[in-house]
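Everything below concerns the one structure shown next.
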Amino acid sequence: MTATDFRASADRDASVDVAAQLFGELIRSRFSCRAFRGEAVPRTTIEAILSTAQRTPSWCNTQPWQSLVLSGTATRAFAEAYRTVAATQSGVPDFDFPAAYKGKYQQRRRECGWQLYDSVGVKKGDREASAEQALQNYRFFGAPHLVLITTDRDLGVYGAVDCGGYVAMFTLAALSHGVHSVPQAALATHPNFVRNYFGLPEDQLLVCGIAFGYADLDHPANGFRTSRAGLDEAVAWLD
């Protein structure tokens, strides 16, 4: 190896180390934002986020996600309409929600839920307050923007799986621009209402929504962080 080759290799190694560090910091900094400031994200920033998210890998490069982005008046009007529907009607999602949460899954779900309730002062057993907090989902937690993600019915569950990758990529791309977000499965509860409201085709299945904007970091709902399982709980090794 020549001196030039060695320097080039060292530069590549250093570049990889920096990229890994920055990516790790980005992921560790991300959280589900449940209170937003009112100011809008510039259109150029939103387009940059979407362009990065578009690089999400997908089965056979099908890129099965379709994104409908709401801003300003459109966001507020949809929030008003959806909150009314969610408060008065039951819904059936296009993709079945979990049949049950058991064991460690129930434990993690409860931990997250009670962290949120504790942060905003909802006492255990106060069903009225907890129901009101649940309706914040349909206000998009005050976010100025919302993206609704759909996929083609013919692509089945793997179209939705690929959309999940898109959701993750969107949230990280957003944070790299200083924009916070929260993926919301709750917004998939009433897919027929959403399709009718926006005139979407019947073969476009609703996966979820992502509310996004600039975080209100002083709001108590943004004051906690959920835990993550260790590798010993999530990974099996074979050598």
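The values are calculated or read from the model by the stated rules, or taken from the named source; none is laboratory data. What you see is a predicted model, and the numbers here were worked out from it, not measured in a lab. FYI the Cβ positions are ideal-geometry reconstructions off the backbone, even for glycines, and counts take in every protein chain you see. Only protein heavy atoms, including side chains, enter the accessible area calculation; ligands, DNA and RNA are left aside. Shrake-Rupley method; radii C 1.70, N 1.55, O 1.52, S 1.80 Å.
Brief remarks follow.
- Within the stretch 94-153, the residues that satisfy the criterion of being without any contact (Cβ under 8 Å) to a residue 60 or more places away in the chain and acidic (Asp, Glu) are ASP96, ASP126, GLU128, GLU132.
- The residues of the stretch 142-163 that are over 22 Å from TYR214 (Cβ atoms) and assigned to a helix (DSSP H, G or I), listed by number, are ARG153, ASP154, LEU155, GLY156, VAL157, TYR158, GLY159, ALA160, VAL161, ASP162, CYS163.
- The sole residue among VAL147, VAL167 that is open to solvent by less than 10 Å² (accessible area, probe 1.4 Å) and touching a strand residue (DSSP E or B) at 6+ places or on another chain (Cβ under 7 Å) is VAL147.
- Boolean, ARG139 is more than 16 Å from the chain's Cα centre (by Cα), over 23 Å from VAL157 (Cβ atoms) and either basic (Lys, Arg) or part of a strand (DSSP E or B) (or both): no
- Complete set of residues in the stretch 10-49 that are free of Cβ contacts under 8 Å to residues at least 60 places away in the same chain and open to solvent by less than 40 Å² (accessible area, probe 1.4 Å): GLY24
- Given (1) closer than 25 Å to SER51 by Cα; (2) in a helix (DSSP H, G or I); (3) touching a helix residue (DSSP H, G or I) at 6+ places or on another chain (Cβ under 9 Å); (4) among the hydrophobic types (A, V, I, L, M, F, W, C), number of the condition VAL182 does not satisfy: (2)
- Once the stretch 76-123 is narrowed to residues that are surrounded by 11 or more Cβ atoms within 10 Å (Cβ to Cβ) and aromatic (Phe, Trp, Tyr), the residue that is nearest to ALA160 (Cα to Cα) is PHE95.
- Tally, over the stretch 209-239, of residues that are farther than 30 Å from GLY121 by Cα and without any contact (Cβ under 8 Å) to a residue 24 or more places away in the chain: 8
- Of the residues making up the stretch 50-75, those that are surrounded by 14 or more Cβ atoms within 10 Å (Cβ to Cβ) and of a type outside the set (A, V, I, L, M, F, W, C) number 10.
- Hits in the stretch 173-189 (condition: open to solvent by 10 Å² or more (accessible area, probe 1.4 Å) and farther than 15 Å from ILE149 by Cβ): LEU175, SER176, HIS177, GLY178, HIS180
- Pairs where the first residue, in the stretch 157-178, is closer than 13 Å to THR52 by Cβ and the second is open to solvent by less than 30 Å² (accessible area, probe 1.4 Å) and of a type outside the set (Val, Ile, Thr), C-beta under 6 Å, 6+ apart: TYR166/ALA53; TYR166/TRP65; MET169/ALA53; PHE170/ALA53; THR171/SER181; ALA173/ALA53; ALA174/SER181; ALA174/PHE212
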